[in-house]
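Before any comments, here is the structure.
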């Protein structure tokens, strides 16, 4: 796992995020979205506004949590297309926090993004700023995933026995689910009843239970990657270096295919190499996120490792819905957190969990990639 | 004997020039002119109309329609001039309270435009369930509290494009309470889903109202001065027209009509309904796509004067290649710097010292401006020749991006720098260069249909009902814009799947258009 790139040599316990950091965070969160996660531009402007009004937010690392800290994981749940019209109520994050504190009988001092990929990696900074709490430098996924079961605390075996959900009108649901699958089922039903979009919080963690149960360093990492994207003259190469990853191919999209079935939008995109990559052809299999890259029938990278398609010139991430014929793109791939490579991690979010009958091989071990 | 009065004047105001044309019933160009755009805008329009009328002599009495594409609205917003004070009401609280109205606007624009904003109870969820009851008293109290310090009222309800009745009820309530001398503008008339962008567009529209009224009066005066017995229409951002009453009510819809006119005009002049159009100017080339006679639209957010909106406007790809683009002889780089309108002083062809693409074209033998190049050093000749290869590559790439893989579409070339486009491109079936390409946008304005658009989000199972409802609404809007009720029809149905929903859902967007009603009426009465 890469060391926290924002650490100063003196290993300060806290960093802070200000309004000026938000463009980099948003750009970086989009990169970690692996093609999904919801568009970042509206979270970005809300968070910038919150930080200007309420001041910067402290970022605290997992190892620096104290016994006074309680962390809770917070995320928006539902359809982004509803979310751009029925925006959230100002009071939702506070409602969640107060009701959770009341139930748990102790103050919540830290908020953690459920997924760093996409808008859910940006919005929590704004909530924390308004609530006067800290943000954990870490998240539940290290990327974006479509299912609530695909979170690090679940892999680590932390029991999910508390969950809270609220909607724009102020309805609050507190749950003690039997397990995550049941939670997902109830949470979806509530989201539909709430008009398609809700705010949810679960997995209250202490300094002790957070160890090994979160993907560490991802908020500062997203800011770092975003800075490389926004300020480097060669953004794609700069990001590959920051991520300790690879540019698999640079080329042009020559085919975009989508099929609906089984509740999933499955698709694939073909990239024909240009310049040094002329003559090469790679195919990306995708659903809401990019999942597998193949070349000459061989799997180069697969989920849970991260694959993001970016604009070859600007380096900005392109979501799966916006992929089009003729776009000049580069495919960035990099390693996931070791937690996802455990047996349990692969069972929950490996290729088989997405319907691909392929064995998982860590991408850095593939021939021809490094 | 009744003479058919079927001539149309099309006028398009551009950044540099105001173009005007006269078309006959068959779409033939009888006269055309380019006049400099004036600061007050009306002056250039007057010159353009006057000039083309002069060219057709006595036939001027046959002019029955004037179609206008203008930049008044954009200019007013960008320059922060002549804007009215708006009382902004958003319905749907407590939903959306995380982003108050106009929070993202540049300070100076908000200070000029906003009299006050309120987030009140009301609004709907995606399935039509009311969020909270409509806060009628809240509306009244808010307006009373502004103590008359506003000119217009803008109302934006959550999910109003799908459920417009509540905004209409708010309008009645407001009129009853404050009288009818202050106009009320409703967001569902102005934009699709996307709360912040639609609300912004509605506020901008309300702010443009005062200016809209004075512009329409000025233009009617020009038409009258010329002694024309003609009906005036305005071009909308999607390439359709609206009547003068509609334009006075929805001035914000005139923003961005230029590119749509250019694409439609270029394709019309070359006799195609499906084409890629490239307009090569001095500094950039703008490419667009025509599908079934209408410009393909982009739904990416648009910014006007620093404000985010979501107007449907043509999907334009801009490439930094134009007649004045500078060729760096040392590195071989082509642009993006350009000498722009200073080409006739700085280009090599005109005795200047800057190698430009115009010079490269002249060197390769294109007849440009009837002039010839001085003798050039070998290195420069090589660089200029190589530059044309770069230009071809960039155009090929751009055309390919827009064609989405099709290679059977023609490429229609217009604009002063059109000579830079080679005779053949691999990504297009053929390259067409129609006559009168220089005034393609004015032609586009003149041939436009009257149109309207409506959106509806629905479960996949209910898509037929959603398409029907949106169709009825789009047709009503087209008629309101001036289309002949007997001729109007649905011209486009777009369905976009909605992702991450519990049940499969779609967003349905319907466009209706038809020829203007006036012509049919004139035919009817001239028997």
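Every number here is computed from the coordinates shown, using simple stated rules; none is lab data. No experiment lies behind these values; they were computed from the predicted model shown. Neighbour counts are summed over all protein chains in view; Cβ atoms, including those assigned to glycine, are modelled from backbone coordinates with ideal geometry.
With a/c under 1.5 counting as rounded, go ahead and sort the protein assembly as shown into rounded, prolate or oblate using the C-alpha gyration tensor (a ≥ b ≥ c being the square roots of the eigenvalues; past the cut-off, prolate if a/b is larger than b/c, else oblate).
On the way: a/c = 2.07, a/b = 1.35, b/c = 1.53.
Taking the square roots of the gyration eigenvalues as a ≥ b ≥ c, the protein assembly as shown is oblate.
Please say if region A:1-160 is rounded, prolate or oblate, where rounded means a/c under 1.5 for a ≥ b ≥ c the square roots of the C-alpha gyration tensor eigenvalues, and otherwise the choice is prolate for a/b larger than b/c and oblate otherwise?
Values: a/c = 1.17, a/b = 1.10, b/c = 1.06.
Here region A:1-160 falls in the rounded category.
Go through B:315-323, B:475-483 and give me the packing order, highest mean Cβ count within 10 Å leading.
In decreasing order of mean packing, B:315-323, B:475-483 become B:475-483, B:315-323.
Give the shape of region B:175-306 as rounded, prolate or oblate, defined through the alpha-carbon gyration tensor: a ≥ b ≥ c are the square roots of its eigenvalues, a/c under 1.5 means rounded, and otherwise the shape is prolate if a/b is larger than b/c and oblate if not. Can you show the working numbers first?
On the way: a/c = 2.27, a/b = 1.35, b/c = 1.68.
Since a/c reaches 1.5 but b/c is at least a/b, the shape of region B:175-306 is classed as oblate.
Can you give me the convex hull volume of the Cα atoms of chain B, divided per residue and expressed in Å³?
Output value, Cα hull per residue: 169 Å³.
Take B:158, B:77, B:103 and order them by how many other Cβ atoms sit within 10 Å, fewest up front.
Numbers: B:158 30, B:77 23, B:103 13.
The order, fewest Cβ neighbours first, is B:103, B:77, B:158.
At a Förster radius of 45 Å, what calculated FRET efficiency corresponds to the Cβ-Cβ distance of residue A:67 and residue B:175, to the nearest 0.05?
Numbers: r = 62 Å, r/R0 = 1.39.
Once rounded, the FRET efficiency stands at 0.10.
Among B:409-420, A:189-200, how do they line up by average Cβ neighbours within 10 Å per residue, starting with the highest?
Output ranking for B:409-420, A:189-200: B:409-420, A:189-200.
If you wrap a convex hull around the Cα atoms of region A:192-342, how much volume per residue is inside, in Å³?
Hull volume over Cα atoms, normalised by residue count, gives 163 Å³.
Using alpha carbons only, what's the Rg to Rh ratio of region A:151-213 with Rh from Kirkwood?
When Rh is taken as the Kirkwood radius, the ratio is 1.01.
What does the convex hull of the Cα atoms of chain A come to per residue, in Å³, rounded to a whole number?
132
Under the definition of partner shielding as Cβ atoms of other protein chains within 10 Å of a residue Cβ, what is the mean value for peptide B:127-136?
Mean shielding by partner chains, rounded to a whole number: 2.
Please report B:120, B:114, B:486, A:300 as a ranked list, fewest other C-beta atoms within 10 angstrom at the top and most at the bottom.
B:486, B:114, B:120, A:300
Could you work out the mean count of beta carbons from other protein chains within 10 Å of each residue's beta carbon in B:119-125?
Mean partner-chain Cβ count within 10 Å for B:119-125: 3.
Suppose R0 equals 45 Å. What FRET efficiency, 1/(1 + (r/R0)^6) with r the Cβ-Cβ distance, do residue B:221 and residue B:426 give to the nearest 0.05?
Details: r = 51 Å, r/R0 = 1.14.
Computed FRET efficiency for residue B:221 and residue B:426 comes out at 0.30.
As an exercise, find the ratio Rg/Rh for region A:77-143 from alpha-carbon atoms, using the Kirkwood inverse-distance average for Rh.
Over the Cα atoms of region A:77-143, Rg/Rh equals 0.98.
Step by step: find N for region A:195-257, compute 2.2 N^0.38 Å, then divide the Cα radius of gyration by it. What's the final number?
Region A:195-257 yields a ratio of 1.70.
Using only atoms on other chains, find how many Cβ atoms lie within 10 Å of each Cβ of peptide A:84-97 and report the average. Show your work: numbers first, answer last.
Details: counts 7, 19, 12, 9, 6, 9, 9, 3, 4, 1, 0, 0, 0, 0.
Average per residue, whole number: 6.
By how many degrees, 0 to 90 and rounded to 10, does the Cα axis of helix A:180-193 deviate from the longest principal axis of chain A?
So the inclination is approximately 80 degrees.
Averaged over every viewing direction, what's the projected area of the C-alpha convex hull for region A:50-111? Give it in nm², one decimal, please.
5.7
Once you have the alpha carbon radius of gyration of region B:132-251, what is it after dividing by 2.2 N^0.38 Å, with N set to its residue count?
Dividing the Cα Rg of region B:132-251 by 2.2 N^0.38 Å gives 1.21.
Quick one: angle between helix A:218-231 and the longest Cα principal axis of chain A, in degrees between 0 and 90, rounded to 10, please.
It works out to around 50 degrees.
Need one number: the % of Cα-Cα pairs in region B:364-477 sitting beyond the 17 Å mark.
Of all Cα-Cα pairs in region B:364-477, 72 percent lie more than 17 Å apart.
Computed over the Cα atoms, what is the radius of gyration of region B:333-401 divided by 2.2 N^0.38 Å, N being its residue count?
Dividing the Cα radius of gyration by 2.2 N^0.38 Å gives 1.12.
Ranked by Cβ crowding within 10 angstrom, fewest neighbours first, how are A:32, B:350 ordered?
Fewest-to-most ranking of A:32, B:350: B:350, A:32.
Between residue A:365 and residue B:25, with labels modelled 7 Å along Cα→Cβ, what's the label distance in nm to one decimal, could you check?
So the label points at residue A:365 and residue B:25 sit 8.0 nm apart.
Can you tell me the orientation of helix B:136-145 relative to chain B, as the angle in degrees between its alpha-carbon axis and the longest Cα principal axis, to the nearest 10?
70
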